[in-house]
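The values are calculated or read from the model by the stated rules, or taken from the named source; none is laboratory data. None of the values given here were measured: they were computed from a predicted structure. When we count neighbours, we look across all protein chains shown, and the Cβ atoms used for this are built from the backbone with ideal geometry, even at glycine.
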Amino acid sequence: MTCEVIVLYFARSADLAGVRTETISVPQQLTSLQLWDEIVKRHSRLAAIQDQVVFAVRQEYVLLGDQLLVLHTGDEIAIIPPVSGG
Amino acid sequence: MNGIGDEPKDFIKLSEEKLSADAVSALVISPCCGAVSLFIGTTRNNFDGRRVKQLEYEAYAPMVEVEIKKICTNIRLKWPSVKHIAIHHRLGTVPISEASVIVAISSPHRAESLDAVQYCINTLKATVPIWKKEVYEEEYSWKENKECFWAKTVK
């Protein structure tokens, strides 16, 4: 089963992807690292920041790794490079 | 003791407008408090000897609100006497020397609000999804806060 999720790109990840938001189709259940791989398949330049990025899944931080995600159509996934507020 | 009719409040705002320290500190004034502590982060005109023209901020706005609310909750757990908390962050282009962030916190006595302001700005820099782009004469660079644990910048 797949679902349609909304991916948001910020800061350097938006520069590398060349897009700020898009909807992609992904398996409903996958690990956060598999989700990253799905996204890098679309935007290969993002591979450069793999070890300096985390996700926000439904506005909660998730590290790239073995964590299993259960996604639903309409979920928001943000690509979060190191933050620099303040 | 909390003053009647002056329940603790959190004021969180993202704005493309110029920030005002007077306005932010006025939000947290309380008749039962003897201290307002304030932090103002301003934009610098240089980095590593290079001239910075301006800074540009962007944010994942709805999540900024969620993360700043978590900071406010933790401040109230750590310093229960803290009264009001105001955190304003500017977005978009911020000219040199203008404020990018202002934190104001009130408490009956100064020690709690001073400590809480320090905790607030340190945690904001570590966890809140806001990004700063330094714009130089002919290029730019995305900054990374050293407080952010997934930053791996070699310094």
When you go through (1) within 26 Å of A:ILE80 (Cα to Cα); (2) surrounded by fewer than 22 Cβ atoms within 10 Å (Cβ to Cβ); (3) away from every other protein chain (no Cβ under 11 Å); (4) not hydrophobic (A, V, I, L, M, F, W, C) one by one for B:ARG51, which number turns out not to apply? (1)
Give me a count of the residues in the stretch A:11-30 that are under 17 Å from A:ASP75 (Cα atoms) and crowded, with 16+ Cβ neighbours inside 10 Å. 3
Any hit, the stretch B:78-89, residues being of a type in the set (Ser, Thr, Tyr), more than 14 Å from the chain's Cα centre (by Cα) and within 25 Å of A:VAL54 (Cα to Cα): no
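Do any strands (runs of 3 or more DSSP E) lying entirely in the stretch B:81-155 carry at least 1 residues that are farther than 30 Å from B:ASP6 by Cβ, and which ones are they? It would help to see each step written out before you state the result.
Working: elements: B:85-90, B:92-95, B:99-107, B:130-135, B:140-142.
So the answer is B:92-95, B:130-135, B:140-142.
A quick yes/no check of all residues on (1) under 30 Å from B:THR43 (Cα atoms); (2) among the small types (Gly, Ala, Ser):
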{"residue": "A:VAL5", "(1), (2)": "no, no"}
{"residue": "A:ARG12", "(1), (2)": "yes, no"}
{"residue": "A:ILE24", "(1), (2)": "no, no"}
{"residue": "A:GLN29", "(1), (2)": "no, no"}
{"residue": "A:SER32", "(1), (2)": "no, yes"}
{"residue": "A:ILE49", "(1), (2)": "yes, no"}
{"residue": "A:ILE77", "(1), (2)": "no, no"}
Could you pull out the residue among B:GLU58, B:GLU67 that is modelled with pLDDT of 95 or more, out of contact with any Asp or Glu (no Cβ under 7 Å at 6 or more places or on another chain), part of a helix (DSSP H, G or I) and within 11 Å of another protein chain (Cβ to nearest Cβ)? B:GLU67
Tally up the residues in the stretch B:120-133 that are surrounded by fewer than 21 Cβ atoms within 10 Å (Cβ to Cβ) and over 12 Å from the mean Cα position of the chain (by Cα), please. 1
Which condition breaks for A:GLN34 when tested against (1) part of a strand (DSSP E or B); (2) more than 21 Å from B:PRO129 (Cα to Cα)? (1)
From the set of residues in the stretch A:59-86 that are in a loop (DSSP other than H, G, I, E, B) and within 17 Å of B:GLU58 (Cβ to Cβ), which is farthest from the other protein chains (Cβ to nearest Cβ)? A:PRO81
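Is there a residue being under 13 Å from the mean Cα position of the chain (by Cα) and surrounded by fewer than 17 Cβ atoms within 10 Å (Cβ to Cβ) anywhere in the stretch B:107-118?
First pass over the stretch B:107-118, keeping only residues under 13 Å from the mean Cα position of the chain (by Cα): B:116-118.
Still in the list and also surrounded by fewer than 17 Cβ atoms within 10 Å (Cβ to Cβ): B:118.
Checked the stretch B:107-118: at least one residue is under 13 Å from the mean Cα position of the chain (by Cα) and surrounded by fewer than 17 Cβ atoms within 10 Å (Cβ to Cβ).
Based on what the data block shows, is A:VAL53 among the aliphatic types (A, V, I, L, M), touching a helix residue (DSSP H, G or I) at 6+ places or on another chain (Cβ under 8 Å) and within 11 Å of another protein chain (Cβ to nearest Cβ)? Let's see the steps before the verdict.
Numbers: among the aliphatic types (A, V, I, L, M): yes; touching a helix residue (DSSP H, G or I) at 6+ places or on another chain (Cβ under 8 Å): yes; within 11 Å of another protein chain (Cβ to nearest Cβ): yes.
Yes.
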B:LYS143 being among the basic types (Lys, Arg) and within 16 Å of the chain's Cα centre (by Cα): no
Those residues of the stretch B:76-100 that are touching a strand residue (DSSP E or B) at 6+ places or on another chain (Cβ under 6 Å), of a type outside the set (D, E, K, R) and within 12 Å of B:GLU112 (Cβ to Cβ) come to a total of 3
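Tally the residues that are within 20 Å of B:ILE130 (Cβ to Cβ) and surrounded by 13 or more Cβ atoms within 10 Å (Cβ to Cβ), restricting the search to the stretch A:37-81.
Qualifying residue count for the region: 18.
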Which condition number does A:SER84 fail, the rest of (1) in contact with a strand residue (DSSP E or B) (Cβ under 6 Å, 6 or more places away or on another chain); (2) small (Gly, Ala, Ser); (3) more than 30 Å from B:SER100 (Cα to Cα) being met? (3)
